[in-house]
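The values are calculated or read from the model by the stated rules, or taken from the named source; none is laboratory data. For clarity, every value in this text was computed on a predicted model and none was experimentally measured. With ideal geometry, Cβ positions are generated from the backbone for all residues, glycine too; neighbour counts draw on all protein chains shown. Side chains are part of the model used for accessible areas, which takes the heavy atoms of the whole protein and leaves out ligands, DNA and RNA. Shrake-Rupley method; radii C 1.70, N 1.55, O 1.52, S 1.80 Å.
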Amino acid sequence: MGREDVIREELGSLHGIPLYKCFIEGWPQVEAFQARPDDLLIATYPKSGTTWLSEILDMIYHDGNVEKCRRDAIFNRVPFLEMKVPEMLSGVELLEKTLSPRLVKTHLPVQLLPTSFWDKNCKVIYMARNPKDVVISYYYFYQMAKLHPDPGTLNEFLETFMAAGVGHIPLAYGSWYEHVRGWWEKRQEKQLLYLFYEDMKKDPQQEVQKILRFLGKEVAEGTVARILHHTSFQEMRKNPAANYETMPTAFMDHSLSPFLRKGISGDWKNHFTVAQNEHFDRHYREHMEGSDLHFQMEV
Ligand code: A3P
């Protein structure tokens, strides 16, 4: 299988979750993945700030040493567990070559996480983002990241996003609602820190302190300041080790939309019509009913 075979291919289904067929092909290796007790798992629904959180954690792991964090692209420093595309090392292959302590990225819904992470009692940091900004970010990402099928118009994509979870809908990783709620429930019983993109936008220093406490790490005051500066949107956007520009253009075409696109909360207001917003709000209320999980739609 070559690269051209996976471009704009329709999604397959992994235990009922829509996913890229090339990833599904590598599933047996993912399912059998052996976690190590000191692995830290970064789990997110796509477009929720995964790369931002990954860069922050790599900085923490390297005591705020910017040069060390430029050693390689973010997708190599923080391997993407279930990733498998032609002509690149898979996430599992990359992880096997990575020295501990490892940072591991995944977008898997909680029920599909390889059991080894739970058996080894690994720490997990989950980051969630409000669904209106996620759907807009995902819409642009579908265009530039060509593993995805064509998203159609924004209105069509909004319908796709809302319909996910019932039948086979072409939304990679399936329902946002099930994802954020599934991981939210897990925090009761596991070593899991549940963060929000909006909180990170509002007060990144406070959130970094939360992460440090969760990891049981202490760093000098100046280190936190360096971490915050290096992981700001402006700095990450121009950093080739963080902005995905070294990913082959066959997979990601930044001329269609840059990976670090806007980096704000509330961009959905520039895209949703009043009618779309009302429809989305109704759908959101129905699907979040009974949950104590709440989102800020802007900051
Ligand atoms: P936008 O498309 O809204 O700009 P992920 O890494 O999970 O794919 O998420 C990508 C989203 O996070 C993009 O959102 C991207 O711009 C945003 N992002 C990445 N780094 C960021 C940073 N340092 N600060 C704020 N947002 C950031």
- For the stretch 213-299, average projected area of the Cα convex hull in nm²: 9.6 nm²
- Note on the structure: Rounded to whole Å², per residue accessible area for the stretch 2-88 with a 1.4 Å probe reads 38 Å²
- Message: Sort Lys186, Lys120 by heavy-atom solvent-accessible area, probe 1.4 angstrom, most to least.
- Response: Lys120, Lys186
- State the percentage of accessible surface on the chain attributable to carbon and sulfur atoms; use a 1.4 Å probe and exclude ligands, DNA and RNA. 49 percent
- Query: So what's the net charge close to Arg102: Lys and Arg +1, Asp and Glu -1, counting the other residues with Cβ under 9 Å from its Cβ?
  - Reply: -1
- Note on the structure: the stretch 165-299 accessible area per residue, 1.4 Å probe, protein heavy atoms, integer Å², reads 52 Å²
- Arg36: accessible area at probe 1.4 Å, nearest 10 Å²? 70 Å²
- Message: Heavy atoms only, 1.4 Å probe, whole protein assembly: order Ser255, Ser54 by accessible area, highest first.
- Response: Ser255, Ser54
- In units of 2.2 N^0.38 Å, what is the alpha-carbon radius of gyration of the stretch 61-127? 1.20
- One would report the antiparallel percent of DSSP beta bridges in the chain, rounded to the nearest 5, as 20 percent
- the stretch 125-204 - Debye-derived log10 I(q)/I(0), Cα point model, q = 0.16, 0.18, 0.19 Å⁻¹: -0.69, -0.83, -0.90
- Which FRET efficiency value, to the nearest 0.05, do you get for Ser232 and Arg3 by plugging their Cβ-Cβ distance into 1/(1 + (r/R0)^6) with R0 = 45 Å? 0.85
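So what is Rg over Rh here for the chain, counting just Cα atoms and using Kirkwood for Rh? Please report the intermediate quantities before stating the final value.
Numbers: Rg = 18.3 Å, Rh = 19.6 Å.
Using only Cα positions, Rg/Rh for the chain is 0.93.
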- Message: Sorted from largest to smallest, which semi-axis lengths in Å does the alpha carbon gyration tensor of the stretch 206-261 give for its equivalent ellipsoid, taking the root of 5 times each eigenvalue?
- Response: 30, 12, 9
- Using a Gaussian network model of the chain with C-alpha springs under 10 Å, which one of Gly165, Gly16, Gly49 is most mobile by mean-square fluctuation? Gly16
- Could you tell me which of rounded, prolate or oblate describes the stretch 22-117, using a ≥ b ≥ c as the square roots of the eigenvalues of the alpha-carbon gyration tensor, with rounded for a/c under 1.5 and, failing that, prolate when a/b is larger than b/c and oblate otherwise? prolate
- Note on the structure: Of the listed pairs Lys186/Lys262; Lys186/Lys238; Lys120/Lys186; Lys105/Lys269, those with alpha carbons more than 27 Å apart are Lys186/Lys262; Lys186/Lys238; Lys105/Lys269
- Item | Square roots of 5 times each gyration tensor eigenvalue, C-alpha, the stretch 150-269, largest first, Å | 30, 23, 13
- Specify the inter-centroid distance of the stretch 61-126 and the stretch 12-36, based on alpha-carbon positions, in whole Å. 15 Å
- Net charge near Glu9 (other residues with Cβ under 14 Å of its Cβ; Lys, Arg +1; Asp, Glu -1) is 0
- Query: Mind listing P(r) for the stretch 1-67? All alpha-carbon pairs, 10 Å bins, whole percents.
  - Reply: 16, 30, 36, 17, 1
- Based solely on its DSSP helices, what 222 nm [θ] is calculated for the chain when runs of n ≥ 4 H residues each add -39,500 (n - 2.57) and the sum is averaged over all residues, nearest 500 deg cm²/dmol? -11500 deg cm²/dmol
